Every structure is written in structure tokens, then in C-alpha cells.
Amino acid sequence: ALLISEAKKLLGTPYTWGGTTPAGFDCSGFIHYTFNKSGKKVVRTSAAGYYDRSYYVNNPVPGDLVFFEGTYKAGISHMGIYLGDNQFIHADSDGIRITALDNSYYKQHFESFKRFY
């Protein structure tokens, strides 16, 4: 719950390549910031790096990770935080925003739900 509230405080923050602060985030910088801010220490890595540090879940709960592949490069390339109700919060080129998992773009790039070890 703390993770979700920290994430939602950042809605509207602009996208910045490599960004890790409320001045601007990229997708993995947003994950790094929100998890650390809410008390779970995670290292700064790429979406693919976080993918390797998490395990698959079939029944995601709010706060789990959502991974996407092939968005701007091959392989795991984007991620967000699952909010429940088929929605996730993430940093994409439009900044920090909430998107439905059945969004036509993200639906076709969806890879899995995962959870940090």
C-alpha cells in the first residue's frame, strides 16, 4: 500500500532517459525510486535486470511487477507496477501515468507478472 501511494504521488512526472529522481524517471528508475522510498532496497538496474531479480506470479497483487518485451528494443524492455483492476503505473515517453493492461499497445507487448525475490 505504501509502494502504491509513493508511486501515485509521482503521477505526471516527466520521462527522462536514465532518470532516477522526481525531476524525471525512466521505467526502471521509477521502480528503483518507489521501491526504495517505500522501504524495499533494490539496486538500480535495467528492466531486464529487474526481470532477472524477480519470479513469476500467476495471480498478481497490487505492487507486483509487470514486464513488457519488444517495446523499443528486443527482449525485456519496459516495466511497471501492477495496481490491481487490470491497471499498472509506469514511466513511459508520456511520463508517469496509469495505463490499462488491455491498452492495445501494451497488450501486444505484455510478457509476465513477476515479484521481487
Worksheet item: Pick from region 59-83 the residues that are in a strand (DSSP E or B) and open to solvent by 10 Å² or more (accessible area, probe 1.4 Å): which of them is nearest to residue 14 (Cα to Cα)?
Response: 78
Discussion item. Please go through region 22-58 and give me each residue that is touching a residue at least 24 places away in the same chain (Cβ under 8 Å), open to solvent by 50 Å² or more (accessible area, probe 1.4 Å) and not hydroxyl-bearing (Ser, Thr, Tyr), ordered by number.
Written reply: 37, 39, 40, 44, 53, 58
Worksheet item: Only one of (1) within 17 Å of residue 110 (Cα to Cα); (2) at pLDDT 95 or above fails for residue 72. Which number is that?
Response: (2)
Fill in: Test: residue in region 91-104 that is open to solvent by 40 Å² or more (accessible area, probe 1.4 Å), part of a loop (DSSP other than H, G, I, E, B) and either touching a residue at least 24 places away in the same chain (Cβ under 8 Å) or touching a His at 6+ places or on another chain (Cβ under 6 Å) (or both)
yes
Practice prompt. Answer yes or no: is there a residue in region 52-62 that is modelled with pLDDT of 95 or more and in contact with a helix residue (DSSP H, G or I) (Cβ under 8 Å, 6 or more places away or on another chain).
Written response: yes
Discussion item. Which count do you get for residues in region 14-27 that are in contact with a strand residue (DSSP E or B) (Cβ under 8 Å, 6 or more places away or on another chain) and more than 21 Å from residue 64 (Cα to Cα)?
Written reply: 5
Fill in: Residues (assigned to a loop (DSSP other than H, G, I, E, B) and touching a helix residue (DSSP H, G or I) at 6+ places or on another chain (Cβ under 6 Å)) located in region 1-19
19
Practice prompt. Being free of Cβ contacts under 8 Å to residues at least 24 places away in the same chain and surrounded by 13 or more Cβ atoms within 10 Å (Cβ to Cβ) is the filter; apply it to region 1-18 and report the residue that is nearest to residue 92 (Cα to Cα).
Written response: 16
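The values are calculated or read from the model by the stated rules, or taken from the named source; none is laboratory data. Since this is a predicted model, take the numbers as computed values, not measurements. Cβ sites come from the backbone with ideal geometry, for glycine too, and all protein chains shown count toward neighbours. Only protein heavy atoms, including side chains, enter the accessible area calculation; ligands, DNA and RNA are left aside. Shrake-Rupley method; radii C 1.70, N 1.55, O 1.52, S 1.80 Å.
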